1. Between Rg and the Kirkwood Rh of the chain, both from Cα atoms, what is the Rg to Rh ratio?
2. In square nanometres and to one decimal, what's the mean projected area of the convex hull around the Cα atoms of region 2-165?
3. Using only Cα atoms, find the angle between the long axis of helix 239-252 and the longest principal axis of the chain, and express it within 0 to 90 degrees, rounded to the nearest 10.
4. Modelling each spin label as a point 7 Å along the Cα-to-Cβ direction, I'd like the Asp21/Leu146 distance in nm, to one decimal.
5. Sorted by mean Cβ packing within 10 Å, highest first, what order do the peptides 241-248, 33-40, 69-76 take?
6. How large is the dipole of region 2-165 about the Cα centre if only Lys and Arg carry +1 and Asp and Glu carry -1, each at its Cβ, rounded to the nearest 20 debye?
7. If you average the C-alpha positions of region 184-211 and of region 218-278 separately, how far apart do those two centres end up, in angstrom?
8. Where does helix 215-227 land angle-wise versus the long Cα axis of the chain, in degrees 0 to 90, nearest 10?
Amino acid sequence: MDFLRPDTLAEALAHKAERPDAVPIAGGTDVMVELNFDHRRPAALLDLTRIAELRTWDEDDGAVRIGAAVPYTRIIEELGGRLPGLAMASRTVGSPQIRNRGTVGGNLGAASPAGDTHPVLLAAGATVEAASTRGTRLIPATDFYLGVKRHALEPDELITAVHVPVTHAPQQFSKVGTRNAMVIAVCSFAVALHPAQSRVGAAVGSAAPTPRRASAAEEFLSAELTSTNQWESPKPLLDSVKRRFGDLVAEAASPIDDVRGSAAYRKHALSVLARRTLGWAWQDYSGKVA
């Protein structure tokens, strides 16, 4: 196994163009597990830890651009006010040691259906920045996940950043696991309010071959809030509205039975998570508008 260690992004992209089989590694919290258990034996590793520009973030034009190697700990500490949903999801990742090393870029690169940040990125309307020696492109999160641990990157591309809109509106994330920490999600859910666009974003994780938006639930709630003038004059949501929203979120999932939970349990849990997180987000929004 070759070990490639570039100092700049240009060098990294050149390596990836020459060696498209090279597996990128930054935090290593996914890659090293696969190597240690001999589940994967790539021809080369491409170490990105020396590339300073991947470890920075900035805000411009209503969105935060987070470098692919910014660890979860910094997202929690530095971006919690701007991106509350992403910070919530980051807090549920692994242990402090994992959060100090793991990155959203790595979560995207692994493309696991159970990745904690994926539902938030979908609900928030994020885009993934991919680069190669041929140039840079932006991939909407909705188009990024193609299958179980499969993504839309070309073989010569690297994830360089993720762009997440700043809405200054409530977001929530919640997940169910077999214990309170250091756990892979049985299922997860994120909701994001977008009052400027009079819409709601909602997405599920660990309940389908890919993370996915709950489009019918989004459309139902967005129409309900708009038709009742709730964006301008929020009132407590009817239980029937929250229950219907939860039902539609559960319908968006296509889970499996596995050692962590049954498909039926995942659907039930998602409906409960959706109702609860919506209630928390709407309570926060009502308090801000009032």
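The values are calculated or read from the model by the stated rules, or taken from the named source; none is laboratory data. Because the structure is predicted, anything quoted here is derived from the model rather than measured. In this analysis, Cβ positions are derived from the backbone assuming ideal geometry, glycine residues included, and neighbour counts consider all displayed protein chains. For accessibility, only protein heavy atoms count, side chains too; no ligands or nucleic acids. Shrake-Rupley method; radii C 1.70, N 1.55, O 1.52, S 1.80 Å.
1. Rounded to two decimals, Rg over Rh is 0.98.
2. 8.9 nm²
3. On a 0 to 90 degree scale, this one is about 30.
4. About 1.9 nm, to one decimal.
5. Output ranking for 241-248, 33-40, 69-76: 69-76, 241-248, 33-40.
6. Charge dipole of region 2-165: 380 debye, to the nearest 20.
7. 10 Å
8. 40 degrees
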